[in-house]
Structures are given as structure tokens and as C-alpha cells.
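Read the structure below first, then the notes.
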Amino acid sequence: MRKLILLFSLIFVGASLLWGQNTVMKTLEFRDQNIRDILLTLGELNDVSIVPDETVSGKASYVFANMSFQQALATFLATYHLASTLVHGVYYISRVSVTVNPDGSLDVNANQVPLRDILRVVSNKINKTILYDNIPDTPMTINLKDASVIDLLKIAIAQYPNFRLDVEKSYYYLRLSSQAQGGSFSPSDAITQKGGRFNLHVAQSRFKDLLLSLFKLANKEFLLLFDRDVMVDNIYLNNLTFNEALQTLLLQVNADYKIDKGVYYIYGVQREDLLKKYLTTVVIPFQFISSSEFLKLLPPSLNLNNFFRLDDKGNKIVLSGSLEQIKPIWNFINLIDKPSKDGVTIRVDLNYVKADEVIPLLPADLAGFDPHALPNKTSLIVTLPKEREQDFINFVHMVDRPVQDTPIRLRFMKADDLLAKLPPSVTAANVIKTSDPTLVFFRGSPDLLQRFKKDLEVIDVPRPLLRYELLVLQFDDGKTSTFTPNMTIQAGDQGQAFSGALGQLLNFNFDVVGNFGVGFGMNLNAAITNNDARVVADTTLNGLSGEKVSFQNTVSTYYASNEISTTGSATVVGSINQLSSGLILNLEGWISSDNMVTLKVDATLSRQEPSSSSSSSTLPPNTTEKKLSTEVRMPSGQPLVIGGLKEDDKTVTLTKTPILSDIPLLGLLFQGKTEQVQHTEFTIYIVPILDKPDEQVLSPDERITMYYRRFQKDFR
């Protein structure tokens, strides 16, 4: 029985692993990430153990989309020349693939891997020690099939003639020899000193040996801060200073140095950084051509490399690179930046106006010489006959005169509004905006200034102020504002009785009686008293003619929105969102010359539905929304009524009998559910009024007296 249970457990675990590795993954994207991190993330997301060895390095960009783990891993390994070995469910990843065949031969594959790493992996596979002297770190590519270990090692050191292979019973030794192929490789022979100068005659020697020999001859101290070593060959230089000889050797291994208290500290750098010290930067101002003309004349063969940058404002060119790289462009500039042989090329500097303002004013006989404005816009360059040079200069000086700027303070409008609605007497070039929105400078002739000021008297006037009296009512159970004047005042103190009939309305900002009559007011007062109507808003909004004003009576709900982010590992990212529901009202009105009000109304009524889901805090609630948009034209003070904004509020009440209602199935007999639907309608009353500062405001007593007289007049 125990064996049967164990068998089923193994089958279940194996099926789980198989399912996890064959499941199609969602899209994963990696940008310039470490290869080791990509592999570890791939294993973590698929619940698979992946172990990269020390040969796996570098960065990669890769996208996994709609593929299983096996497909993704195989494709990635093939792309970046990596090998995989599956042992007891663990994937071992390496840049070196070594397979030991049954006959003892080896299959070896390695792409641009240092020889030391290849030897280390081979030694582990054949279970035999491989010793070597200070072998270079040069990356190597090896592809062998059915090769012996000796053949592999001979191939590995084939490019290093000063190494030999010693085969012993229990190990292999790649030994550095002082003699090879009958030639001497002694560093003392390669570097010689004469009178403080050094000669480098290197046929083939190791970098570290040459470095040590150079410092010994110069009797200087150094500290090597990296372990890089290569074979240096074919260098033949004479009469070098110590620093020149040192730089020559360091260039072979991408290294540089720094001197501190007489000690040379030698460190590795990127080759690009090392070459920067051989680059130079030259700034050349153009004398007779513009930067735009230079680009037109530049041959395509010189425009292929990024060795120059143009400074349009200063009419200069910046050359950057080695002298050999920038020399062709430099020679081309000297060739074309010369005075024309067919005439004289002159440059005229301007003091008060811009070059773009002068060129359109040139007469035809001078404009025909095609003058050019320099990028700084304060100079002109033109090539013309010598006899016309003074004519051109005289005309430019006649135009280049100081222009008086007159400050103008705006009374009611802003500078941006003025520039958007300029009068026909001026253009945008005549009006200069400042940081002060009510201050502009006028540039132009005195006559034009006077015409502009007259135009300002017409357009720089105060805009009318609109006052919107607003009343929003909510009527329940379908009861609306359609009332009939059927109320009467009983005998007695008629003033008190009348005040009681309008008691709910006397504290309103909105003049209900004045706009809709006493009968309407009495019925509305009764509806509010009986809780058949509720005041949602009773306010006054103010705005300039042509500007939008808004009223909002809403409730805001906050919920979390979650999404999955895969930046190397799967994480959950949440953001808080806001959803508002209720009544939103936007009003935009403007006054015409005949004091008529054109009013645009946008009303939105939204309501959130109750959610029964337990995850409602992470999902947006369902909402119902009603929108209304209208545009009307009416006299100032005429009321506007907007209705039809209805909504239903459904309430569900659940009653239970204690204990009995919790019994499965049978408990349903001891539960009760009651549903109640409440119908409501919103009605909006708007009165747009042209605001007048001297408008009289009635006191409460005067207001009730006016209402009573109107009542007597309407219901006699």
C-alpha cells in the first residue's frame, strides 16, 4: 500500500512539472538586462531550477511571447551561444559545452570564451587536472568533434608559440617556455634604454613581462590594478620617452595610468575611453558663408561621419575627432570660405532691427544679389560688385534705425486676449507681450500708435457680468413641479397666514414667487413641508459674459486598479482611481448688444449602482448616466426650467429568522426579501440676469409685502 501511494505521488509531481514547463507563457520583455538575471527570472516564473556557471556573463535584450518554457529557453540559448545540461531536474547553463564520448573523445563548443574558462570546464568533465602558466585572457572560439584531450590542448595553445604541452600521467601542463622556434622572447632584449630614451623592438613577448622590464630600466614604481595579460608582438619604435613607451604598451591591453606620489597606478579602461585622449576639438567661425550654405556645399563623402556640429546662432562649426578624421573637413572649409572672385563679399552688422526685417525692404536692384541673414539674425552677408557695395551699406543703415517702444497698460483685457483679437490697424509684430499680462509695448510709427489707441478704446472695455440664480429640486414618487394655484388665505391675520404659506421659501436665494408666481410658490412650499420635494441646490453663480461657470453636487468613490508588471520578475502594481457621481451642471452665457442672453446648458446626472461583488474595492463601480444639452436665447431675467432628469433607487431588505435561516436549503423557508423602488426626478430652474451694480435689494419685509400684493392681484 505504501509503494502504491508513493507511485501516485511521483506521478502527480511529474505531471505538475510537465504542465508548468509546457504552459504557454505571457509576453516577457527584457531590455539590456544581465543574461544571468534573464535566465534566473525565466526559471522563477516557470518554477524550474536554472544554474548559470561563471562563464555566463554579458547583457542581452530579448522578448518571449506565446511560447512554452522549453521553446523560450532553447531559443534564448541558441541566440547567445549558450549550452544547457539537464541533471536531476536542474538546468546547468554554460558558454562552454563539453561532451565526453564513450570512446573517451571530446565534443567541445565554445564561442568567444577566454581559454582559462574552457580549460576549467574541460578539466571538470574529464576529471583530470590541467595546469597552465600565466596564459592570456584572449577570447577563443573552438568547435571540435571526436577530438582527444591532447589535440584540444594543442589547438588551444597553437597561437601562443612560447607555450608547450607537457603530458603527465595524472595531469596536463601548458608550460611557458623561454625559447620557442629558435627565437628569443626575453623582455630585456625587447626594451632598451639609451640616454633617457627607450627603444621598443618586440617580436613577441608577454605584456606583463614587458611592463616589468620597462619600469626596471626607468627605475620607477608601479602598481597593476588588473589581471589582464596578452601576447604583444610586432612593435618597432625608437627614441621614445618613458611615458610614450608606457602608453604604447598600455594601448595593447586597453589600460591607462595615474601618477600619485611618484607611483604609477595602472588600471583597465574601455577602448573608447582610451582613444579619447587622441581626439581634438576645433571651433572655426565662418567668415564669408553661412552655416546653411556650408551644408549645401558639403560633399556627401564628407558628411557620412559625425565629426562636426554646426552652431547656427554663432555661424560656427565645431570639429571633433582625431586630426586625421577632421582634416578633410577642415581643408574643405578653407577652400570655400573665401571672398568671391566675381565680386566683394561683405558682412553688415545690424544694431536695431533684425536681418529678416531688412531683406524684404531691399529694392529689387539690391535684393537681386541674394543677401543672406546669419543665424544670429543681427548680420547680413552678400556678394555683389564693388561699385554697389556702398549703395547696399547706405540702404541698410537707413533702415537700421532705433524704433521707439511705447508701453500701453490694458484696462480690462489681457495681453493674450489682445494678441488673439488684434484690430486691423496693427499686426502681431507691432505688439510685444511682457511678463505682466496687463502691459504690452507698441512698436511702430506715431500715426500707427494713435490709430491703435483708438481701436483699444473700442475693444478694451469691461465685459458684462452675468448672474445665474440657480435652484435644483428633487421630487420623490413622481411628484413634479406642476402645481395649480388652489390655495386660499383664511380670515384672521392675513399677513401671518400668507407668511406661513410661503415659510419654506422666504430664506431662499432663488426668488421663486417673483419668477413663477404666488400660486407656484405656495404649492412648492407645501411640497417641501410634506417632504415630497427636497432642495438640492439654492445658490447664485457669477461669471463674465462668454465664460463658463459650473455647479457640481457629487459623491466620489475611490477604488484600486491592479495590473501585472514584468520587469524581470512578476509584480502587482496598484493605482488609486476616483469616480464621481451625482449632478454636474455647466452654464455658458453671453450678452448681445440688445441685452439678450444666449445660454448654453450641459447637465449630467449619474448614479452608482450598488455592487454585490466582494472585489468591488478593486473594480470600478457600475454607473448609470443621463446627459442633457440645450442652448436658448432669452431676455435677461427670464427663467428657464429643465426637467426630465429621472432616476430610480432600488432598495433590497433581507430578513432572517435566527438560527433556522442558516440551515442549508431548509433555511430559505425562514428568510424574507423585500424590494422597494423609489422614483425621483430632478428639476433645474435657472434665471440668467445681466448684473447691474446699482440694482436695488429688497428687505425681507418689503419682499413679503410685494408677494402679498401680487397674491391679492392674482386671486381676487
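The values are calculated or read from the model by the stated rules, or taken from the named source; none is laboratory data. Model, not experiment: these values are computed from the prediction. Positions of Cβ are backbone-derived with ideal geometry, glycine not excepted, and every protein chain shown enters the neighbour counts. We work out accessible area using only protein heavy atoms, side chains counted, and drop any ligands, DNA or RNA first. Shrake-Rupley method; radii C 1.70, N 1.55, O 1.52, S 1.80 Å.
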query: Within the bounds of segment 391-409, is there any residue that is farther than 23 Å from Leu361 by Cα, of a type outside the set (Val, Ile, Thr) and surrounded by 14 or more Cβ atoms within 10 Å (Cβ to Cβ)?
result: no
Screening Asp436, Asp538, Asp476 for residues that are under 24 Å from Leu605 (Cα atoms), out of contact with any His (no Cβ under 6 Å at 6 or more places or on another chain) and modelled with pLDDT of 80 or more leaves only Asp538
Within segment 129-140, the count of residues that are closer than 16 Å to Val56 by Cα and open to solvent by 60 Å² or more (accessible area, probe 1.4 Å) comes to 1
Expected output for segment 446-462 (first residue aliphatic (A, V, I, L, M), partner open to solvent by 90 Å² or more (accessible area, probe 1.4 Å), Cβ below 7 Å, 6+ apart or cross-chain) is Ile459/Lys421; Val461/Phe412
Note on segment 240-255: residues touching a Gly at 6+ places or on another chain (Cβ under 9 Å) and over 17 Å from Asp209 (Cα atoms) are Thr241
From the option list Ile326, Ile336, Ile359, single residue qualifying as open to solvent by 30 Å² or more (accessible area, probe 1.4 Å) and under 20 Å from Phe308 (Cα atoms) is Ile336
Those residues of segment 204-237 which are touching a residue at least 60 places away in the same chain (Cβ under 8 Å) and open to solvent by less than 20 Å² (accessible area, probe 1.4 Å) amount to Arg206, Asp229
Scanning segment 141-152 for residues that are in contact (Cβ under 8 Å) with a residue 24 or more places away in the chain and either open to solvent by less than 20 Å² (accessible area, probe 1.4 Å) or over 27 Å from Arg228 (Cβ atoms) (or both) gives Ile142, Lys145, Asp146, Ala147, Ser148, Val149, Leu152
From the option list Leu524, Leu506, single residue qualifying as modelled with pLDDT of 75 or more and of a type in the set (A, V, I, L, M, F, W, C) is Leu524
Only one of (1) touching a residue at least 40 places away in the same chain (Cβ under 8 Å); (2) open to solvent by 80 Å² or more (accessible area, probe 1.4 Å); (3) not aromatic (Phe, Trp, Tyr) does not apply to Leu240, and that is (2)
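Any residue that is open to solvent by less than 60 Å² (accessible area, probe 1.4 Å) and more than 21 Å from Leu165 (Cβ to Cβ) - is there at least one of those in segment 114-128?
Looking for residues that are open to solvent by less than 60 Å² (accessible area, probe 1.4 Å) and more than 21 Å from Leu165 (Cβ to Cβ), one finds none in segment 114-128, hence no.
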Conditions (1) out of contact with any strand residue (DSSP E or B) (no Cβ under 7 Å at 6 or more places or on another chain); (2) modelled with pLDDT of 85 or more; (3) not in a helix (DSSP H, G or I) -> Asn376 fails only (2)
Q: Would you check if there is a residue in segment 459-466 being touching a helix residue (DSSP H, G or I) at 6+ places or on another chain (Cβ under 9 Å) and either modelled with pLDDT under 85 or not in a loop (DSSP other than H, G, I, E, B) (or both)?
A: yes
Checked pairs for segment 393-407, first in contact (Cβ under 8 Å) with a residue 24 or more places away in the chain, second in a loop (DSSP other than H, G, I, E, B) and aromatic (Phe, Trp, Tyr), C-beta under 7 Å and 6 or more apart or across chains, list as Asp400/Tyr352; Arg401/Tyr352; Pro402/Tyr352; Val403/Tyr352
Within segment 339-356, the residues that are open to solvent by less than 30 Å² (accessible area, probe 1.4 Å) and either hydrophobic (A, V, I, L, M, F, W, C) or in a helix (DSSP H, G or I) (or both) are Ile346, Val348, Leu350, Val353, Ala355
Of the residues in segment 632-674 that are among the acidic types (Asp, Glu) and modelled with pLDDT of 70 or more, the one that is surrounded by the fewest Cβ atoms within 10 Å (Cβ to Cβ) is Asp662
Looking across segment 95-106 at residues that are in contact with a Leu (Cβ under 7 Å, 6 or more places away or on another chain) and open to solvent by less than 50 Å² (accessible area, probe 1.4 Å), the single one that is farthest from Gln33 (Cα to Cα) is Leu106
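Could you say whether any residue in segment 67-74 is in a helix (DSSP H, G or I), loosely packed, with under 13 Cβ neighbours inside 10 Å and in contact (Cβ under 8 Å) with a residue 40 or more places away in the chain?
Yes, the conditions are met somewhere in segment 67-74.
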Q. Does Lys453 qualify as being over 30 Å from Gly314 (Cα atoms) and basic (Lys, Arg)?
A. yes
When restricted to Arg197, Arg175, the only residue at pLDDT below 85 and charged (D, E, K, R) is Arg175
I'd like to check something: does segment 491-500 contain any residue that is of a type in the set (Asp, Glu), open to solvent by 50 Å² or more (accessible area, probe 1.4 Å) and modelled with pLDDT of 80 or more?
no
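Name the residue, out of Ile333, Ile284, Ile317, that is more than 29 Å from Leu212 (Cα to Cα), of a type in the set (A, V, I, L, M) and in a helix (DSSP H, G or I).
Values: Ile284 fails: in a helix (DSSP H, G or I); Ile317 fails: in a helix (DSSP H, G or I).
That would be Ile333, the only listed residue that is more than 29 Å from Leu212 (Cα to Cα), of a type in the set (A, V, I, L, M) and in a helix (DSSP H, G or I).
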If we ask which residues in segment 298-312 are surrounded by 12 or more Cβ atoms within 10 Å (Cβ to Cβ), out of contact with any Gly (no Cβ under 9 Å at 6 or more places or on another chain) and not in a strand (DSSP E or B), their number turns out to be 4
